[in-house]
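*Asks:* Here's a structure for you.
Where a number appears in this text, it was derived from the coordinates with a stated rule and is not lab data. Please read all numbers here as calculations on a predicted model, not as lab measurements. Neighbour counts are summed over all protein chains in view; Cβ atoms, including those assigned to glycine, are modelled from backbone coordinates with ideal geometry.
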Amino acid sequence: MTARRLPRPTRWPWGAALWPLLLAVSLLPGVLPRLVQPLSPGGPLTFDPPLWQLTLTHLGLVLLATAAVLLLGVPLAVIVTRPGRESLRALTETLAGLGQTVPTLAILALAVPALGFGWAPTLLGLVVYGLVPVIGNAIAGLLAVDRGLLDAARGMGMSERQRLWRVELPLALPVLLAGVRTSTVYNVGTATVGAALGAGGLGVPIINGLSQQNTGLTLVGAILAALLALSLDALLGLLVPLREAGR
């Protein structure tokens, strides 16, 4: 008599509920300003625009940049992982890596003369900075696909496009999503710099706090940015397929 393997209990993704809840509570009128008030000299902290609006602006910047990174990074990774394109792949990884070796402020400063102030130069900086983990993970995931599976798919009569969509991309998806999570969290922090260019977002209280030497004001922006990054990371983690240990 063979022992039947019992299904493993599914782990509850507590982070996907906890961090968004803490973020929502922090955005309630007066909650977070009241907590950091002892660190803020002068009168009560007030925000115009309100914190929820700054958070939505920040979230919009990050999501738009992430969408642009996916539209650029995934097709590029597919192109350079085709057979016979090893030199192009190495060049792509090198050029993409330059995006994180150049300081973000330098990228934004170079973009301002051509794009002006506001969202445009900020989005450019976010896309350049966020491409590295997405391209790197997409390439690694596609190259890790078992060649035997591809040969079997070819033997079944699948075209190159069908093998890509039905075999390669689904198998590479967990690695790709890990790169997307890393890129998104990076850009939540990087987007705070955009406030100096008039892009708004959670960098506004941080920059104002630094200029006014107001620790409480700076802490408000930093806490909300951290909670937003943790929330997005936890929610994106729900997209990663859960795998049973030992398989």
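*Asks:* Residue by residue, what Karplus-based ³J(HN,Hα) values in Hz, rounded to whole numbers, does the range 110-122 have, using 6.51, -1.76 and 1.60 with θ = phi - 60° and x for Gly and Pro?
*Replies:* 6, 7, 4, x, 8, 10, x, 9, x, 6, 4, x, 5
*Asks:* Taking θ = phi - 60°, what integer Hz values does the Karplus form 6.51 cos²θ - 1.76 cosθ + 1.60 yield along the range 34-51, in sequence order, with x for Gly and Pro?
*Replies:* So the Karplus estimates, Gly and Pro as x, are 5, 5, 9, 4, x, 8, 10, x, x, x, x, 6, 10, 9, 9, x, x, 4 Hz.
*Asks:* If you put +1 on each Lys and Arg Cβ and -1 on each Asp and Glu Cβ, how big is the dipole of the chain around its Cα centre, in Debye rounded to 20?
*Replies:* Dipole about the Cα centre, nearest 20: 920 debye.
*Asks:* What Kirkwood Rh does the chain have if only Cα atoms enter the pairwise 1/r average? Answer in Å.
*Replies:* 20.4
*Asks:* Let me ask another. Rank-order 58-64, 176-182, 132-138 by packing density, defined as the average count of other C-beta atoms within 10 Å over each peptide's residues, highest first.
*Replies:* 132-138, 176-182, 58-64
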